[in-house]
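What follows is a short report on a single structure.
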Amino acid sequence: FPTRRSSDLDVKEKKEDLMVAEVELTEIESDATFFDEVRASFKKLSSLRPVYTREISKHAERYWSSLVGAGSQLFWQEDYLIFKTINDNVISLYEMSGGEKISACLSVRLALQEVIGGLGLFILDEPTVHLDEERRNNLASQIGAIKGLSQVIVISHDDAFHSHTRQQITIQRGSDGIGSSVEW
């Protein structure tokens, strides 16, 4: 027969196990509620997708016009395809020149940041590749004009963004061709 002391210990362990199980159940219920809310948000988002893509397309068109000038219009469709129109000609992203592709993608990316970004952080890696000097400068000005950005990180081989920055980190290859130097 179990002693009273071992019986009391068994009861105490069972109570502790029950408390742990109740905490775990509460966490699982909380997670389930969270995921139900996420699912509901995605359902809402899918019904709002046409609204968002129209709004983003409108902003992307503004960036496009600033980057490449008048003469064509840019569209971002609900199926996420990008194309431009010149008069009655429709030209897909795949048919555009290298500079136009970069400009089109950057226009949509800038519009996405402006419309739904919300983080205040924007990171671009080599955004000026294939862009001529005028487009590089236009891009730098456009990024600098986005409201709500508190930090922009640009990795680039050119200095188009220098006049739009407060802090720069410059990394240069060392004179020996191996090492590098860093300037703040």
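The values are calculated or read from the model by the stated rules, or taken from the named source; none is laboratory data. All of these numbers come straight from a predicted model, not from anything done at the bench. We place every Cβ from the backbone using ideal geometry, glycine too, and count neighbours over all the protein chains shown. Ligands, DNA and RNA are stripped out before the accessible areas are found, and what is left, the full protein with its side chains, is counted by its heavy atoms. Shrake-Rupley method; radii C 1.70, N 1.55, O 1.52, S 1.80 Å.
Just need a number here: residues in segment 132-156 that are assigned to a loop (DSSP other than H, G, I, E, B), on the phi < 0 side of the Ramachandran plot and out of contact with any helix residue (DSSP H, G or I) (no Cβ under 6 Å at 6 or more places or on another chain).
Total meeting the criteria: 5.
Those residues that are open to solvent by 70 Å² or more (accessible area, probe 1.4 Å) and either assigned to a strand (DSSP E or B) or out of contact with any Lys or Arg (no Cβ under 9 Å at 6 or more places or on another chain) (or both), I need them from segment 78-94; list them, please.
Across segment 78-94, the qualifying residues are Asp79, Tyr80, Leu81, Asn87, Asp88, Asn89, Val90.
Residues Val108, Val129: which one is without any contact (Cβ under 8 Å) to a residue 60 or more places away in the chain, more than 15 Å from His164 (Cα to Cα), outside any helix (DSSP H, G or I) and of a type in the set (Val, Ile, Thr)?
Matching residue, one of Val108, Val129: Val129.
Out of (1) surrounded by 11 or more Cβ atoms within 10 Å (Cβ to Cβ); (2) of a type in the set (S, T, N, Q); (3) part of a loop (DSSP other than H, G, I, E, B), the odd one out for Gln113 is which?
Here Gln113 meets the rest and fails (3).
Return yes or no: is Ser72 open to solvent by less than 40 Å² (accessible area, probe 1.4 Å), modelled with pLDDT of 90 or more, of a type outside the set (Lys, Arg) and more than 23 Å from the chain's Cα centre (by Cα)?
Yes: the conditions hold for Ser72.
For segment 134-154, how many residues are in contact (Cβ under 8 Å) with a residue 12 or more places away in the chain and open to solvent by 80 Å² or more (accessible area, probe 1.4 Å)?
So the count comes out to 3.
Limited to segment 47-72, what total is found for residues that are touching a helix residue (DSSP H, G or I) at 6+ places or on another chain (Cβ under 7 Å) and among the aliphatic types (A, V, I, L, M)?
Here the count works out to 4.
Just to be sure, is Ser175 part of a helix (DSSP H, G or I), over 25 Å from Ile82 (Cβ atoms), open to solvent by 60 Å² or more (accessible area, probe 1.4 Å) and of a type in the set (Gly, Ala, Ser)?
Judged against the criteria, Ser175 is not a match.
Examine segment 27-43 for a residue that is at pLDDT 90 or above and not basic (Lys, Arg), and state whether such a residue exists.
No; the residues of segment 27-43 include none that is at pLDDT 90 or above and not basic (Lys, Arg).
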